[in-house]
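Take a look at the structure below.
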Amino acid sequence: MIAQHELQRLINDKIARLPLNAQPHELYEPVRYFMSLGGKRMRPMLVLMGCELFGGSIEDAIDSAIGVELFHNFTLLHDDIMDNSPLRRAHPTVHEKWNVNVAILSGDAMFVRACEMMMNARKDVVQQVMAVFLANALKVCEGQQFDMNYEQQANINLQSYIRMIELKTAVLLGASLEIGALLGGAKESDAKLLYEFGRNIGIAFQLQDDILDVYGDEQKFGKQKGRDIVANKKTFLMIKALEMANSYTQEELRNWMQATRFVEKEKVKAVTAIYDFLGVRALAQKEMMNYFEKGMQALEQIQTVAHRKKDLVELAESLMVREN
């Protein structure tokens, strides 16, 4: 198995040589700019690791890996427009650096190029690969719409929240692994199990994000604590707190959520104190581990050489203990 840092190097080299037309410059330069901003490259790496798990060749999977990364970045580019975000990875977003119309069109071009890269899959599996890719690409769009819907809704239950993060985040991790498995020659049943591994780990990953936003070490996590609280994000912690709280505490939480003028540190401190009193951190961690264990159970069922699973196990475990 190729080391993860080496897989990342291969992915970044391929992205740096991404085939894009020279003209119109205004269409393709934002694509080059956005793709150069870096990132963990988690999804393309999962494509390659899924392929290797079944003894497949990296060369057979690299174009599909880049296709998945192009799609992921397309969603980020359009998310930035919808959220009116000024920065992405500490750099100006495309709509800030150019304008909204350029950002929309460049994002569209990224999606088209993503589909073209996916179509480079081997002829014997290209139809399966495209079916998995397109089905889950649509699910990501559904998840984003649910996320926007929930911003306007006062009451969201945990089942709806889990479904939203599954669609918005987790399914593309699962699809990346399933696509890699198909390219590596896996049986359809094993490819589906690998999808379930990725989907469940993806949900656990997002729940971990919810916890770290409130309880993570700022220096290790690399982000300001309590951003979700300040933005009134309906995370697992907030939804569970509203569900468990008595009427007095519910009113206190809603007052903080409805306040238009406040000191950010005071709001974060007050809401965190309510979380501590209700014990929602432990409940979120329990839910996170539930999905993590479901993912590991799916991985255990896959019929392949046992030692090939080692890198995926280590990757999954690292996501659950991360601090940054």
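Mind listing just one residue for me: the one in the range 260-269 that is assigned to a helix (DSSP H, G or I) and of a type in the set (D, E, K, R) and, of those, farthest from Gln206 (Cα to Cα)?
Glu266
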Can you tell me which residue among Leu27, Leu7, Leu70 is under 22 Å from the mean Cα position of the chain (by Cα), at pLDDT 95 or above and either surrounded by 22 or more Cβ atoms within 10 Å (Cβ to Cβ) or not charged (D, E, K, R) (or both)?
Leu70
Anything in the range 71-113 that is of a type in the set (Phe, Trp, Tyr), assigned to a helix (DSSP H, G or I) and out of contact with any Cys (no Cβ under 9 Å at 6 or more places or on another chain)? List them, or say none.
Phe74, Phe111
Filter the range 147-170 for residues that are at pLDDT 95 or above, crowded, with 17+ Cβ neighbours inside 10 Å and not basic (Lys, Arg); the one that is nearest to Arg199 (Cα to Cα) is Ala170
Among the residues of the range 144-153, is there at least one that is part of a helix (DSSP H, G or I), in contact (Cβ under 8 Å) with a residue 60 or more places away in the chain, hydroxyl-bearing (Ser, Thr, Tyr) and more than 26 Å from Gly55 (Cα to Cα)?
yes
Here is a check on your reading of the model: is Gly55 on the phi > 0 side of the Ramachandran plot and either in contact (Cβ under 8 Å) with a residue 60 or more places away in the chain or touching a Ser or Thr at 6+ places or on another chain (Cβ under 7 Å) (or both)?
yes
Taking the range 210-251, which residues are over 22 Å from Gln152 (Cβ atoms) and in a helix (DSSP H, G or I)?
Ile211, Leu212, Val214, Tyr215, Glu218, Gln219, Lys220, Phe221, Met244, Ser247, Tyr248, Thr249
Number of positions in the range 74-104 that are closer than 21 Å to His25 by Cβ and among the small types (Gly, Ala, Ser)
1
In the range 95-112, which residues are touching a residue at least 24 places away in the same chain (Cβ under 8 Å) and more than 20 Å from the chain's Cα centre (by Cα)?
Lys97, Trp98, Val102, Ala103, Ile104, Leu105, Ser106, Ala109
Does Pro44 satisfy the criteria of being in a helix (DSSP H, G or I) and under 19 Å from Ile104 (Cα atoms)?
no
Given (1) closer than 25 Å to Leu193 by Cβ; (2) more than 21 Å from the chain's Cα centre (by Cα), where does Ala65 come up short, assuming only one miss?
(2)
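Of the residues Lys240, Lys286, Lys294, Lys234, which single one is among the basic types (Lys, Arg), modelled with pLDDT of 95 or more and either under 20 Å from the mean Cα position of the chain (by Cα) or on the phi > 0 side of the Ramachandran plot (or both)? Break it down stepwise before answering.
On the way: Lys240 fails: either under 20 Å from the mean Cα position of the chain (by Cα) or on the phi > 0 side of the Ramachandran plot (or both); Lys286 fails: either under 20 Å from the mean Cα position of the chain (by Cα) or on the phi > 0 side of the Ramachandran plot (or both); Lys234 fails: modelled with pLDDT of 95 or more.
Answer to the selection: Lys294.
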State all residues of the range 270-286 that are part of a helix (DSSP H, G or I) and surrounded by fewer than 19 Cβ atoms within 10 Å (Cβ to Cβ); if no residue qualifies, say none.
Ala270, Thr272, Ala273, Asp276, Phe277, Arg281, Ala282, Leu283, Gln285, Lys286
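When you scan the range 154-205, how many residues do you find that are part of a helix (DSSP H, G or I) and farther than 24 Å from Lys123 by Cα? Can you show your working first?
So in the range 154-205, the residues part of a helix (DSSP H, G or I) come out as 158-183, 188-205.
Those still in the list that are farther than 24 Å from Lys123 by Cα too: 158-171, 196-205.
Count: 24.
The values are calculated or read from the model by the stated rules, or taken from the named source; none is laboratory data. Owing to the predicted nature of the structure, the values given are computational and were not obtained by experimental measurement. Quick reminder, even Gly has a Cβ in these numbers, built from the backbone with ideal geometry, and neighbours come from all protein chains shown.
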